[in-house]
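Participant: The structure is given below, and queries will be raised subsequently.
Taken together, the values in this text are just the output of simple stated rules run on the coordinates, not laboratory data. None of these values were measured; they are calculated from a predicted model. No Cβ is skipped: glycine too gets one built from the backbone with ideal geometry, and neighbour counts run over all protein chains shown.
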Amino acid sequence: MPVGVGEPPHTNSVPTLSALLTPELLRRLEQVQLLAARRAKSSLKGERRSKARGLSVEFADHRNYVLGDDLRYLDWNLFGRLDRLFLKLYEEERELPVRIFLDASESMNFGELTKFDFARQVAAAVGYVALCGFDRVTVDVFPRADSRPAATTDNSTIRLPQSAFEGALRSVRGKKSAMQFFQNLTGLTAGGTADFNGALKRGAMEARQAGVAVVLSDFLDSAGYEAGLTALVGRGFQINCVQILAPEELDPTTFGDLRLVDAESGFEEEVTFGKYRLKAYQQTVANYVQRLREYCAGRGVRFFSVSSATDLGELLLKQLRASEVWA
Amino acid sequence: MSFLTPLAFLFALSLPAVVVFYLLKRKRVVKLVPSTLLWQKFLAETQASAPFQKLRHNWLLLLQLLLLLLLVLALARPYFAGKAGEGALQVVILDASASMQATDETPSRFDKARAEALKLVDGLKTGFGNDSQQMLVMVAGANAEVKQSATSEKAALRRAFESAKVTDSPTRLAEALRVAETLTRDRAGAEIHLFSDGAGVDLSEFESKDLKLSFHRVGSRGNNAAVTTLDVKPNPEDPTRRAIFTSVANYGLTPVDATLELRFDDQLVETKAITVGPTNTTPVVFVAGQPQDGVFTVKLNHADDLAADNEARVVSRLPLPVRVLLVTKGNRFLEKALAAAGPNVELATATDFTDADAKFDLVALDDITPTVWPGGNVLAIHVAHTNWFEGGIGSLDGPAIVDWRNTHPLLRFVTFDNVQIAQSLAVKTPTWAVALVDSPQAPLVLAGELGRQRIVWIGFDTLQSTWPLRISYPIFLANVVDWLNPASAAAAQFSIRAGDAFRMPLGDYLAPGAGALTAKITPPGGPERTIPLDATARELVFGDTGKQGVYRVTLGTNQLAFAANLLDPVESNLKPRDELSLGRRGEVTATALKRANLEYWRWFALAGLAVMMAEWWWFHRRTA
C-alpha cells in the first residue's frame, strides 16, 4: 500500500492500485484512443490535430510571403515555377484536455462495490486512455476537500490530506504519470455534500480550453443537474456522462415502515414500502433515468447509466466503444 | 331508524381512542440511503396517480373506525319502526285455514305468514314504562284460539307462533276478529294484525267501526284444482250399486289434465281421466258396488299449490230397509206411491196408530187423527195437530197454488203446475217449519224439524185434489221417504266439514241403564283419543276435527267412522285477495308487508366482521 493511503471512513474494501484496473484491462485500454469530435483547442502541443498552423509533418496550406516570415518555410519549388514567394503551412498538433468530474459525495459510498469505487475505476480507465494518448487529464473531484467537514482522523495511520491528492490529480500528462495518477485516485475518499451544478460550472470556467469532459456521478442532486451540464455544453465541452447507481437504489430490498435518512443532507423521508410497490418504485427510477437520458440526448451529451455492480470491462470496452467515446 | 339500547352509544367514546393510537408516532425502521431524491419522486408519482393517497395512508385508521362504529351501532340495536308495529297492544291473528297450506310461497303460505308475524315479534319494543308493547297471538282455524295472551315476553310469543298449526278447515275469521275486537275495544293504541291470504274470507256479517285492522296478505297465485263436492246415493238404475257424485273445480288459468281415483276402503275401484278447463267445474259420477259399510275416497292426482283439497271421503253405509207405516182409511194412490218410493221400502198399513213404541222409520197419517201421536218422523196429510200450530186452524176453500220452494230437497224435480185443490186447512207457518207450497192465504205444505222429529205436513186431503194424477206426486213422496228416513239423516252426520264438530245422538248406542261409556276416537294419522260419556249423555260431540280424513269411532262394541272434508269451493279458490270487505261498508286493503321494527344489529355485526377482515388483509398486504 502506498504511503499516505489510509482507510476511507466507510467499511468497504479499498481498491488498491492493482485492484483499480486489472493488468488485462490496462493492456486493452492501451489500444484505444479517445475520439475527439472537434479539433483540439489547447495552446499546448500535443498529438491531436488542431486548427492552429504550426510545425508538424502534416501539410495544411500555402500563403503569401510577407516580410518577416521565416524563410525556412518558403516553398522553393513554387518559387522556381512561378517566381513568387509562398509560404508552406503545416497543421499544428495540439493536446486534448480531458476533464473528469468525479462525484465524491457521501451518497457515492453505497453499494457492495461502492459507487465511488466504481466511479474511480472508470476515472482511472478514462485517465489512462487519455494519458496514453498524450492528452492532459484533470480530475475534478467534488465536493472539494476544503468544503467538506473535517474527517475524524484515525491516529493509527498517517494520511495525506484529501486536498493533496486532489491537487496532484490536476493537469496530469504523459503515460509515465499513470502510476502516480492511479495512486492519487486511490487516495481519494468520498464524503460530504456535493454541489453538482456548482462543481460543473466551476470546472467549465476553470478550463482554459474546452475538451472532453467525463462526468461520473449518481446525478441524484436535489438541485438538479441541468445547470451544470448546460454550463459545460456552453463552454464547448464534448461531454460523456456516466450515471452510477447502487443496486439497492435500483432494486430496494428493505420493506416495511421505513424512515429513510438522506446520507448527504440528513433529510428524512417516511415511507411505507412493500413488495407490491416495488414495480412502482422501479418505474420511478426508470422515469428519472429516462428524463436524464433525454436531456442529455437533446444537448449532444453521451449518457450511460450503470449499476455499480456492472462489469467494468463491459462498460469500458463495449458500451463506451459502441458509443464512440473512444475507439 | 331507532335504537333499542341507545346507551350503547357510550361505547363510541372508544372511537377517539383509536385516533389517539394513530396520533402516537409510528415506530419506523431507520435506514440510511444514498439519496431520498428518488423516494421523494416515487412518493410524488404515486400520489399523483392516486388522488386518495393521503386517505390511503390512513386506511387502516378508517377501517378500524368503521369497524368500531359498526360494532357500536350493532350494540345500540337499531331497528326500523314500521307503522305497523306502533300500538301498545298488538293482536296478531294468524289464518290457519286450509288455503294457507298452499305452497305458492315457500315453504307455504302459513309458514310465510308465521315468519312475517315473527318479524313483528322481533320488532316488539320491550322494556319498562310506556314504551313497552304487548302482543296477543290468535290462530284462526276452524275456530279462533288464543295461543298466547297479551305479553311482552318475546320467547313466549315465539313459542306461541311456533306451536301454531295449519288446519284443513275453511276460513272462519269472523270469530277471531270478534274476539280481537273485544280485546282491543277501549284500549288506546291497540292494533289488530291479520296474516291471511284472504282466500275464502267472508266477513260480510262483521260490522265494526273504527277497527284498527292491518291486513298482511300472503300468497301470490291461485293455481289449484280441487274436489269440491262429494256425495254418495243409491244408484237409481241398480239398487245394489252406489252412485258417487263428485265435481272437480279448476281455479287456475290453464286447463288441468288429471286422473281422478275412486277408492273404497283404500282399495282402488276406478280411475277416470278428466280435463277441466280454466275456472271451470266438471261433475264426475262413479258407479260402484259396495259390499259393506265403508268409506269412498276420491283423489285427484294433480300437482297444484294446495294438496289438501285434492282428496275427499264420504262414509257410505249399506241401505237399510225403510219401514213405513201408512195410517189411512184407504188411499190407493198414496199406498202405491209410498211402496214405489224406494227399493227398500217396507210398507205396512193400519187404520189407527196406537203403539208409540212401534218400530217404524216413518209414519204417514192420511186424514186420520191417531190415538197416539207417533214420536218418529211423520208425514201428516190433512191432519190438524194443535201442538204444531199456534193460533187457530181454519179452513180454506179452493186455494190457488201461487209459489213453491223448489230449492228444498223435498221438492226436487217436483212442480205444482196444473194442480187444483178443493179445500185445505188454513194455518200460520210455525217457527219450526218452512212453507214449501204457498197459497195467497196460507201455506199448503210445510216441512221442518220439531225437537228431534222431522215433519212434513200437507194441509189438504190429496184425494180432494188433482195432485195424485200428476207425475210430481210419486216423485214428491219418494223425496219425502228419503227426507224422513232417519238413516239418511244420520248419513249426513257422518260427513262433516273439517273443523266442524262431529255430533251424533247416542240413543241407538246407549242402552238404558248401561252406565258410563267411553268413546274412543282415532283421528287420521293421530293418536287415539278417549272421550268419557256419562250415563245421561244423549249426544257424542267431538270438536277436534281440524284435520281432514276418516275418523274412527269406537263406541262400546260399535265401530263407526265419519269423514271430515274440506269440500269448500271458496276456500279452494286460492287467489289471494287484496281487499277484505268488512260488513256492508268497511273494507281493509292489504298493507305491504312492512318489516315492522326489524332489528338490524346482525347486519351491522356482519358488516363489522367484513371490515375487520378487510383491515386484516390490508395490513398484511402493505407489510408483506
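Participant: Just to be sure I follow the definition: excluding the sites themselves, where is the longest run in chain B that has none of the GluC sites (Glu not before Pro) in a DSSP loop with at most 10 other Cβ atoms within 10 Å?
Facilitator: The segment B:238-527 is the longest one with no such site.
Participant: If you average the C-alpha positions of the stretch B:317-336 and of the stretch B:369-429 separately, how far apart do those two centres end up, in angstrom?
Facilitator: 19 Å
Participant: ³J(HN,Hα) across the stretch B:339-344 via Karplus (A = 6.51, B = -1.76, C = 1.60, θ = phi - 60°), whole Hz, x for Gly/Pro?
Facilitator: 4, 8, 5, x, x, 10
Participant: Between rounded, prolate and oblate, where does the stretch B:322-489 land on the alpha carbon gyration tensor, with a ≥ b ≥ c its root eigenvalues, rounded for a/c under 1.5, else prolate if a/b exceeds b/c?
Facilitator: rounded
Participant: While we're here: Round to a whole angstrom and tell me the spacing of the C-alpha centers of the stretch B:175-236 and the stretch A:94-114.
Facilitator: Here the two parts' Cα centres lie 100 Å apart.
Participant: Given DSSP loops and a limit of at most 11 other Cβ atoms within 10 Å, what is the longest stretch of chain B that contains no such trypsin sites (Lys or Arg not before Pro)?
Facilitator: For trypsin sites (Lys or Arg not before Pro) (loop position, at most 11 other Cβ atoms within 10 Å), the longest site-free span of chain B is B:360-537.
Participant: GluC sites (Glu not before Pro), restricted to the stretch A:290-324: which are DSSP loop and have at most 15 other Cβ atoms within 10 Å?
Facilitator: Answer in residue order: A:E324.
Participant: Let me check against my output: what whole-number percent is the relative contact order of chain B, with C-alpha pairs under 8 Å and at least 6 apart?
Facilitator: Over chain B, the number comes to 17 percent.
Participant: Of B:F416, B:P321, A:L20, which is farthest along the charge dipole of the protein assembly as shown in the positive direction, counting Lys and Arg as +1 and Asp and Glu as -1 at C-beta?
Facilitator: Going by the Cα projections, it comes out as A:L20.
Participant: Then there is this: For an R0 of 30 angstrom, estimate the FRET efficiency from the Cβ-Cβ distance between B:R529 and B:W432 and round to the nearest 0.05.
Facilitator: 0.30
Participant: Hey, another quick one. Can you tell me what percent of all Cα-Cα pairs in chain B are more than 43 Å apart?
Facilitator: The share of Cα pairs beyond 43 Å in chain B comes to 47 percent.
Participant: Among A:A309, B:F333, B:W467, which residue has its Cα positioned farthest towards the positive end of the charge dipole of the protein assembly as shown, with +1 placed on the Cβ of Lys and Arg, -1 on the Cβ of Asp and Glu, and the dipole taken about the Cα centre?
Facilitator: Positive-most Cα among the choices belongs to A:A309.
Participant: Would you grab the residues whose amide H sits under 5 Å from the one on B:T229? Only those 5+ places off in sequence or on another chain, please, with H modelled 1.01 Å from N.
Facilitator: Residues meeting the criterion, in which the H sits 1.01 Å from N, are B:S247.
Participant: Given B:T246, B:G219, B:L173, which one lies farthest toward the positive end of the charge dipole of the protein assembly as shown, if we put +1 on the Cβ of every Lys and Arg and -1 on the Cβ of every Asp and Glu?
Facilitator: Of B:T246, B:G219, B:L173, it is B:G219.
Participant: Could I have the simple spin-label model distance between B:H620 and B:V285, label points 7 Å from Cα toward Cβ, reported in nm to one decimal?
Facilitator: Placing both labels 7 Å beyond Cα along the Cβ direction yields 8.0 nm.
Participant: Looking at this model, which pairs from B:K112/B:K575; B:K125/B:K154; B:K359/B:K520; B:K272/B:K547; B:K547/B:K575; B:K154/B:K212 are more than 18 angstrom apart at the alpha-carbon?
Facilitator: B:K359/B:K520; B:K272/B:K547; B:K547/B:K575; B:K154/B:K212
Participant: Could you work out how much longer the chain between A:D311 and A:A227 gets when fully extended? Use 0.36 nm per residue separation minus the Cα distance between them, nm to one decimal.
Facilitator: 27.2 nm
Participant: Amide H of B:L347: which non-local residues (sequence gap of 5 or more, or other chain) have their own amide H closer than 5 Å, using H built in the peptide plane?
Facilitator: Amide H to amide H, under 5 Å and 5 or more residues apart or across chains, B:L347 pairs with B:V324.
Participant: Pull up all non-local amide H partners of B:R529: gap of 5 or more, or a different chain, and H-to-H distance under 5 Å with H placed in the peptide plane.
Facilitator: B:I521, B:T522
Participant: Residue by residue through A:247-253, how many Cβ atoms from other chains fall within 10 Å of the Cβ on average?
Facilitator: If you average over the peptide's residues, the count of other-chain Cβ atoms is 2.
Participant: Pop out the Kirkwood hydrodynamic radius of the protein assembly as shown from its pairwise C-alpha distances, inverse of mean 1/r, in Å to one decimal.
Facilitator: 40.8 Å
Participant: Provide the per-residue ³J(HN,Hα) series for the stretch A:83-91, in order, calculated from phi with Karplus coefficients 6.51, -1.76, 1.60 and θ = phi - 60°, each as a whole number of Hz, with x at glycine and proline positions.
Facilitator: Working through the residues one at a time gives 6, 10, 9, 10, 9, 8, 10, 10, 6 Hz.
Participant: Next question. As a footprinting exposure proxy, order B:D578, B:D197, B:D104 by other Cβ within 10 Å, with the fewest listed first.
Facilitator: In increasing order of surrounding Cβ atoms, one gets B:D578, B:D104, B:D197.
Participant: Can you compute 3J(HN,Hα) from phi for each residue in the stretch A:104-112, using the Karplus curve 6.51 cos²θ - 1.76 cosθ + 1.60 with θ = phi - 60°, rounded to whole Hz and x for Gly and Pro?
Facilitator: Along the stretch A:104-112, the couplings run 10, 7, 4, 5, 7, 8, 10, x, 4 Hz.
Participant: Also, I was wondering about something else. Averaged across the residues of A:106-112, what count of C-beta atoms belonging to other chains lies within 10 Å of each residue's C-beta?
Facilitator: 2
Participant: Let a ≥ b ≥ c be the square roots of the eigenvalues of the Cα gyration tensor of the stretch B:152-292; is it rounded (a/c under 1.5), or, if not, prolate (a/b larger than b/c) or oblate?
Facilitator: prolate
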